[in-house]
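Read through the structure below, which is laid out as structure tokens, and then see the notes.
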Amino acid sequence: MTTPQPAAETTAVTVTGEQIAKPFRSAIQTTTSSLSPRPKLVGILANSSSPSRAYASWTAKACEAVGIEYELREVGINGKAEGETAEQGEVEEAILEANEDDKVNGIMVYYPIFGPRQDGYLQQAVSPLKDVEGLNFTWLFSLYHNIRFLDPRKLALAAQVLTPSPSALPSAPLPTQSTSQPTPSSSAEPAPPGLVKAILPCTPLAIVKTLEHCQVYNPLRPYGSRAYGRTVTVINRSEVVGRPLAALLANDGARVFSVDLDGVQEFNRRKPAEGTEEKSSFHPYHTVKKTEMSLEECLKASDVVIGGVPSKAYKIPTAQLKEGVVAINFSESKNFEADVKDKASIYCPGIGKATIVLLQRNLLRLRDYQVQLRNGASATTASE
């Protein structure tokens, strides 16, 4: 007589953005309940398209749910037809006004507006001390060079360039004690005394948090190397999501294939030369090289495949995926075929809710940095 064997697992576990967001949202609600005045986020809408307006409405509801004040500032689009935009000067002026407004703790701009080049300029117009999206050069430079903690006096100096009035935040010593740390994960590394955590772009960060939740990141390894041994394919190399994400994963030790229309690039963490000390707080920044591997070869080698192609027609062939792959979709379009759960061990169909809650966490951190800088400036003035 043979003993019946349990049926093999044939369907992937589904992980939703809400599952990732929930513990962060709870921590944010706890923090905001003790703050007065409430943290304030300003959204700048300069595109009359329905998707941008819908995203703004969603942002407002998400902020209200956690005790964050949200103000939508519509710029130059009253009376304009669907898809029309404001003038670039109007948008830039609105950003600079928000930079100077002491009541505003964070700024987000609803892109796209004018296209990659002009929008890229506007991203740099947002003060790094109010950039909840983590797209200012100060934050991107830190990401690409794997600088995880910064001296806040440098942030104040960078902010002064974009807020040139006398009320601009001063370059002052920072108290070492933080007032708000909305971080539910015990794996987070605290900032060294006198430094603050770098702000990361919220969509790439949401994907990293999803990988941590799925235990793709190994918590037994030291912080900063927990993706070591993993191979990841990211199908998207935009400057907003795909490239920063590939860099984040490589900085954490993963081998990353970055796929876009112009081919495949491979991201790896740079190994320090023998006998030299690492300049970063954790590991040297990554290297990027062109590879002749095809997309199919990348997919078959990858433990994780991340799709972010903004096209309903684009589908990643299930047959080319590695058995047991972790499949994550961050595009509004579904980039995986309908049968992906037959091949994947974990499937995440979207991360929108995780993205917005991590944007809110960025807001609280930036508010914290602003308060500490002002307190430091007051203490400095009083002692002079």
Exercise for review: Please find, within the range 69-124, the residue that is modelled with the highest pLDDT out of those that are of a type in the set (Ser, Thr, Tyr) and not in a loop (DSSP other than H, G, I, E, B).
Suggested key: TYR70
Review point. Of (1) at pLDDT 95 or above; (2) surrounded by fewer than 21 Cβ atoms within 10 Å (Cβ to Cβ), LEU211 satisfies all except one. Which?
Key: (2)
Exercise for review: Given the conditions (1) crowded, with 19+ Cβ neighbours inside 10 Å; (2) at pLDDT below 90; (3) more than 29 Å from ALA246 (Cα to Cα), report the number of the one that THR179 does not fulfil.
Suggested key: (1)
Exercise for review: Kindly indicate whether any position in the range 55-62 is closer than 21 Å to LYS130 by Cα, in a helix (DSSP H, G or I) and of a type in the set (Phe, Trp, Tyr).
Suggested key: yes
Exercise for review: Inspect the range 41-53 for any residue being β-branched (Val, Ile, Thr), crowded, with 20+ Cβ neighbours inside 10 Å and not in a helix (DSSP H, G or I) and give the result as yes or no.
Suggested key: yes
Study note, to complete from the structure: If we ask which residues in the range 197-214 are under 12 Å from ILE328 (Cα atoms) and of a type in the set (A, V, I, L, M, F, W, C), their number turns out to be 5
Review point. Is it the case that some residue within the range 93-110 is of a type in the set (Ser, Thr, Tyr) and open to solvent by 20 Å² or more (accessible area, probe 1.4 Å)?
Key: no
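The values are calculated or read from the model by the stated rules, or taken from the named source; none is laboratory data. Bear in mind the structure is a predicted one, so any value in this text is a computation, not a measurement. Ideal geometry is used to build each Cβ from the backbone, glycine not excepted, and the neighbour counts take in all protein chains shown. For the accessible areas, the whole protein counts, side chains as well, though only heavy atoms, and no ligand, DNA or RNA atoms are used. Shrake-Rupley method; radii C 1.70, N 1.55, O 1.52, S 1.80 Å.
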